[in-house]
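Following: one structure in structure tokens, then a few remarks.
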Amino acid sequence: MMKRLVILIAIISLKNAKVLSFSEINLNSSWRIENSNGTIRLTNISLPSGIYSALEEARVIKSIYDFKNDLSTKWVARENWTYLLNIPCTKQQHDYDHVILSLHGVDTFSLVYLNDELLGETNNMFVRYRYDVTTLLRKECPSEVRLRIEIRSAVAEAAALSARYQQLKVVPECPPEVYHGECHMNLIRKMQASFSWDWGLAAPSMGLWKPVRLEYYNSAKLSDVTFALTEVGDYWHIRLGVYLETGTLSKPVEGTLSFSILGLTGLAEQTITVEEDSAENGELLVENTLKVPKQSVERWWPNGHGLQKLYELRVQWEDEILTSPQKPTEKIIRIGFRSIELVQDKTNDGLTFYFMVNNVPIFMKGSNWITSSILPEKSYDEDYVKYLLTSAKSTHMNMLRVWGGGVYESDLFYQLADELGILIWHDLMFACSMYPANEEFLNNVATEVRQNVKRIQYHPSVALWATNNENEVALRQNWYGTQINQEAYIEEYKQLYVNVIQAEILKIDKWRTVLISSPSNGDLSVAQNNIADNPQDPRYGDVHYYNYEDDGWDPNIYSGGRFISEYGYQSFPAFSSWPTVSLTPEELTDLINHRQHSPLGNDPILLMIEKNLPLPLIDSPDYLRNIIYLSQVSQAMIVKTETEVYRSKRIEQGTMGALYWQLNDVWIAPSWSSIEYGGKYKILHYWMKKIFTENHIVASINRNKWMDLYLIRDALGVDEQWTIRMYLHSWSSFQPVHEVLFDSIMVPENTVVKIDSFNIHSYLSRFNANPADHLVQFELLSQNGTKLSENFLLLDKIKNASQSPRPSIKISIVAMKCSVITNKATYSIKVDVTSPAIFLYMELAPKSDSLKQCHFSNNGFLQFTPSVSVQLECADLGCKSNLHASDINVMAVNQM
Ligand code: BMA
């Protein structure tokens, strides 16, 4: 029984006389959970664990993701839950001087007991807690040793804490009613979105969401290694910060640290001696610099600009204090050689705001990352995180913003971002709210910042830190009624973000930019005492832009900015993602409305559809399916239009970044995401691949009703000559009405070229072509005739088209290829249409709903040829799968 309790990760070899100077065991199985009166007892629980998953697995509750179970399971978060484990007595506890119980993530409020001794209290899910249990274990072993973690309801704790803040309320106290959420999330250090958000359910979990370990060591153990680069002449100077831990108390540390980089033998090797006392909390920082000739290494580049070369840097620690012979312990971090700078230079009308990576200004294309699961224990799921990040890379993204309402992500997340070349704009976990600034809260936050920055900062993908999401603008624009006590709120704001969070980050990482807020005016915000007059000023810093009134399909409504770190529009998840079989259309509508948390309801979605697209008949049996599909078309058009404005305004407005809101989702609900919860791509995600493509052509009708054409080239290289083929098409024929060639256009590297505006209306009148029944399509060709990209321009609203015949559409599966190695099936699909199809969309029918991670090679497209081939690949579709054409539903705007 005892044996099953533990998994040894660093085993002491008994045959070998040498001992490791550090060893640990993972206490990740055989936990038990009990509610407060013992009426619910769960056994055999493995970590990571959270109460909702545990209760669902034990069939005490139904999935919180189904129907309105977010409401029926509300009692779970109001209970207290105790985690129990019998911990092993091992030989190590006598071999080593220290035994430390290390709780990597307790969610959130708990008392920790070993037998009946109170070890301590936890109140921050982002903090690792350590307790020295050496004496206790020696005293209690070999009798039974029980670890008991009594977790209290975070909802109740937050409510109780609110009594302390009567003087100056920490606002907003509660989310809007439509969120069906919980109150006072800003008083506690827990995933802020877990109390509900405008795209997410309230699921204020409790549990042990990260490992629990027993660590054994003598004088010290290696905990974190921080890394920074400076370029000095022909050398990279690597500044390392090695953090050693000596239990939980100050102790003398004596030993040696050795450094080496794999593949660079003889170049960056060094050994240094350490003879120092650790600080009161048992921590010791040792700094060292290594020098590497630049020519001996390759640089790390963001996606689309080069390779992501990573090197393994090894740090070894050997205790001197020990009398017995010992083996060193080590930590390997994968590093990348790259420089990164956020450039804020004076311009005629403001300041620039762009990232320079390896001395190249790079336009940032990407999205916003919310937690991958509302249940923290699932948010580090390796396969799903990998799936999402790969989906970001394959749409040419080079940056994701880890948004401040989620969690500090797993090590794997940052490792993958390093490998995939996705830079991370990193918020600290504070969002859309005021926060307390009393000493206790500030100290708690300081520990959280120190621990997480130390863990994450070495990754080359991390581009900058921003201490909060939208709190500067919220304060300045009085979102939460702070105006009446403005001075006091401003004081607290600065106390938390400037004096504590920024200061703590800079102690560990002085090489990266720390923005106080996103959005902010960058340096101007700093100059204006960290609360700018207008944090949303498009001439400075970053902006968040949402507009739910004007026609989002019209490029002229977008006011632009230097860097748009949030923008987007809602849509509904696919019809097949909803429980269409078990619910009547009325019940389904009710469920969709329940999950629509925006206080504006579905109106913005419906308004944009109404402005631009033919409306489906409300009493048709297919109404829901159609409106869902149209919501995705409309979202894709809005984000396309807006993104293309930002990409094309690089020169005119100095725009250097477009991160749309939001990449992923936490449940099936109306939201701004391009990927649904589970992994299904919305039409937007299919389109992003084309919208973010490296070489692009963008066309739009300007305010004077002329056509503007922009050529975008992100890559470096010699000047190229590109050709544009422009086709005038009617909605009713495969054959173009006319074709225009824009030949031999010089396009330099890494820039945008604007072509003279084109009088589109006089052009149309030459052919007597009514804009409503026509569109323009473009092909962009390189000098040798290769197609670089394609695009289209609508000349009027699609709903105004009078001649857009209804195509008949036929889907055939022509072949299925199967990889025996990966057990993955790829289907070749032929799509035949009798006349042009507008935004042809294929969806796997509800019965194949388990297939969430299936992608068509193209979807939601304009089909202007009688036949096209599309591939369908499913991560979860094995070789034995037997998909038929009838499993694929097909829709088009002119076929409803
Ligand atoms: C911004 C974000 C999120 C929110 C989104 C959509 O405010 O920072 O808080 O979900 O807009 O409303």
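The values are calculated or read from the model by the stated rules, or taken from the named source; none is laboratory data. Predicted, not measured: the structure shown is a model, and the values here were computed from it. Cβ placement follows ideal geometry from the backbone for every residue including glycine, while neighbour counts extend to all protein chains displayed.
Some points to look at:
- Total residues in the range 417-474, condition assigned to a strand (DSSP E or B) and either over 27 Å from Asn398 (Cα atoms) or of a type outside the set (A, V, I, L, M, F, W, C) (or both): 3
- Identity of the residue in the range 514-543, outside any helix (DSSP H, G or I) and small (Gly, Ala, Ser), that ends up nearest to Leu659 (Cα to Cα): Ser518
- In the range 141-152, the count of residues that are touching a Cys at 6+ places or on another chain (Cβ under 8 Å), acidic (Asp, Glu) and more than 16 Å from the ligand (Cβ to nearest atom) is zero.
- Among the residues examined, Val737 does not qualify as closer than 28 Å to Thr352 by Cβ and of a type outside the set (Asp, Glu).
- Qualifying positions in the range 400-423 - within 16 Å of the ligand (Cβ to nearest atom) and hydrophobic (A, V, I, L, M, F, W, C): Leu400, Val402, Trp403, Val407
- Every pair of residues 6+ apart whose Cβ atoms lie under 7 Å, when the first sits in the range 422-443 and is assigned by TED's automatic domain parsing to the domain that holds Asp509 and polar (S, T, N, Q) while the second is within 14 Å of the ligand (Cβ to nearest atom) and not in a loop (DSSP other than H, G, I, E, B): Ser433/Asn186; Ser433/Asn471
- Selection over the range 475-496 of residues that are within 16 Å of the ligand (Cβ to nearest atom) and not in a loop (DSSP other than H, G, I, E, B) gives a count of 2.
- Counting the residues of the range 857-888 that are closer than 24 Å to Lys386 by Cβ and of a type outside the set (D, E, K, R) gives 11.
- Counting only residues that are within 21 Å of Trp425 (Cα to Cα), surrounded by 16 or more Cβ atoms within 10 Å (Cβ to Cβ) and within 16 Å of the ligand (Cβ to nearest atom), the range 531-555 holds 7 of them.
- Taken together, Ser732, Ser700, Ser765, Ser789 contain a single residue that is within 30 Å of Thr834 (Cα to Cα) and part of a loop (DSSP other than H, G, I, E, B), which is Ser732.
- Take the conditions (1) acidic (Asp, Glu); (2) more than 30 Å from Asn521 (Cα to Cα); (3) in contact (Cβ under 8 Å) with a residue 24 or more places away in the chain; (4) surrounded by fewer than 19 Cβ atoms within 10 Å (Cβ to Cβ); Glu377 misses just one of them, which is (4).
- Residue within the range 134-142 that is surrounded by 23 or more Cβ atoms within 10 Å (Cβ to Cβ), modelled with pLDDT under 95 and among the charged types (D, E, K, R) present: no
- Residue, nearest to Tyr646 (Cα to Cα), within the range 558-572, restricted to residues that are of a type in the set (S, T, N, Q) and not in a loop (DSSP other than H, G, I, E, B): Ser565
- Residue match in the range 338-355 (condition: in the same structural domain as Val402 (by TED's automatic domain parsing), in a strand (DSSP E or B), free of Cβ contacts under 8 Å to residues at least 24 places away in the same chain and touching an Asp or Glu at 6+ places or on another chain (Cβ under 7 Å)): no
- Test set (1) out of contact with any helix residue (DSSP H, G or I) (no Cβ under 9 Å at 6 or more places or on another chain); (2) touching a residue at least 12 places away in the same chain (Cβ under 8 Å) - Ile188 fails condition number: (1)
- For the range 336-387, a tally of residues being within 16 Å of the ligand (Cβ to nearest atom), touching a Leu at 6+ places or on another chain (Cβ under 7 Å) and not small (Gly, Ala, Ser) returns 3.
- Within the range 68-117, strands (runs of 3 or more DSSP E) holding 2 or more residues that are in contact (Cβ under 8 Å) with a residue 60 or more places away in the chain: 81-86, 98-103
- Matching entry among Gln653, Gln635 (being within 16 Å of the ligand (Cβ to nearest atom) and either over 18 Å from the mean Cα position of the chain (by Cα) or assigned by TED's automatic domain parsing to the domain that holds Ala202 (or both)): Gln635
- Residues satisfying the stated conditions in the range 656-671, i.e. aliphatic (A, V, I, L, M), within 25 Å of Ala202 (Cβ to Cβ) and within 14 Å of the ligand (Cβ to nearest atom): Leu663, Val666, Ala669
- From the options Val145, Val178, residue that is of a type in the set (Val, Ile, Thr) and within 30 Å of Ile592 (Cα to Cα): Val178
- Within the range 573-619, the set of residues being assigned to a loop (DSSP other than H, G, I, E, B), away from the ligand (no atom under 16 Å from the Cβ) and over 27 Å from Ile798 (Cβ atoms) comprises Pro579, Val581, Ser582, Leu583, Thr584.
- Residue check for Glu642: among the acidic types (Asp, Glu) and surrounded by 23 or more Cβ atoms within 10 Å (Cβ to Cβ): yes
- Residue tally, condition modelled with pLDDT under 95 and surrounded by fewer than 16 Cβ atoms within 10 Å (Cβ to Cβ), over the range 66-94: 2
- Taking the conditions (1) modelled with pLDDT of 95 or more; (2) farther than 25 Å from Phe195 by Cβ in turn, Glu409 satisfies each one other than (2).
- Search result, residues across the range 619-657 that are closer than 20 Å to Asp603 by Cα and among the aromatic types (Phe, Trp, Tyr): Tyr623, Tyr629
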